[in-house]
Amino acid sequence: MAVVNGESVSHPTLIGSVQRALRLLEAVGAHSAGAPAKQLAREAGLPLPTTYHLLRTLTHEGYLRRENGVFVYGEAAGSIGRAGAERCRRAELGDALAVVGRRVGAAAYFAVYREGEVEVVAATEDPQRPPVEEWVDFRTTAHAHAIGQCLLAQLDEQARKDHLARYPVQSLTPYSVRCEDDLLHRLDAVRRAQVAYEQQEYALGTVCSAIPIQVGSAAATVAISLPASDAQRLHCVTERLRRMAEATLTTLAFSISI
């Protein structure tokens, strides 16, 4: 415990072995083609026996891999990097959505259909234009909201049947579709118009629209929601959304969805 200006100040407990392992990982990262143990020990400022022990441990855990006498990053280290990169891309997508939301005056969303599930990847968090409260799981109610209808309309027949077998149509509000046949007719209209409109089918007091966007082979959509009192703006806002999505979101969306 140190004393600063007459007051005792406690320092956080640091684990030396973790610090040494991190220095070693940084040393490996400085060599794209890998480096041998002796060079890593020298660059990390570690005794050679300690370096060997840490290298064995990190290799066993998958953070490093030994190839032709040198050490390179392993799959576990790559997973950390990919997770960090995806967080950055999601943050960029969130920033782009925030711009879209402000310009069109609506809450905005980006969603994909991945591994048999509806996934809302990002949504704006503007208190002046709050997003729809998820009062029933979005994944199980794709039939009742514009995001889900837009995604289901992009699936092939077998994938759509599989989804509806797992998550049957059910009425959430007096405005929801009543049965699977009604939903399938709706989805045909969505495919033709390349837009899904929904008025108070998922949440009373809210109207929504969603448009498909091209992100390779993945089904994806950009959507907006408005208070039902602004329903007259829905079509105009949706057309503005379409223009902005094509110019602003497609590249970011592709990097998130793959």
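The values are calculated or read from the model by the stated rules, or taken from the named source; none is laboratory data. This one's a predicted model, so the numbers in the text were calculated from it and none came from an experiment. Positions of Cβ are backbone-derived with ideal geometry, glycine not excepted, and every protein chain shown enters the neighbour counts. Heavy atoms of the whole protein, side chains included, go into the accessibility calculation; ligands, DNA and RNA do not. Shrake-Rupley method; radii C 1.70, N 1.55, O 1.52, S 1.80 Å.
Summary table
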read-out	value
By average C-beta atoms within 10 angstrom, highest first, the peptides 167-176, 99-108, 232-241	99-108, 232-241, 167-176
³J(HN,Hα) computed for each position of segment 43-57 - Karplus, 6.51 cos²θ - 1.76 cosθ + 1.60, integer Hz, glycine/proline x	6, 8, x, 10, x, 4, x, 5, 4, 4, 4, 5, 4, 4, 5
Sequence of 112, 132 when ordered by accessible area, the most exposed leading, probe 1.4 angstrom	132, 112
Rel. contact order, % - alpha carbon contacts under 8 angstrom, at least six apart, segment 109-215	25
Alpha carbon convex hull of segment 87-142, projected area averaged over orientations, nm²	4.3
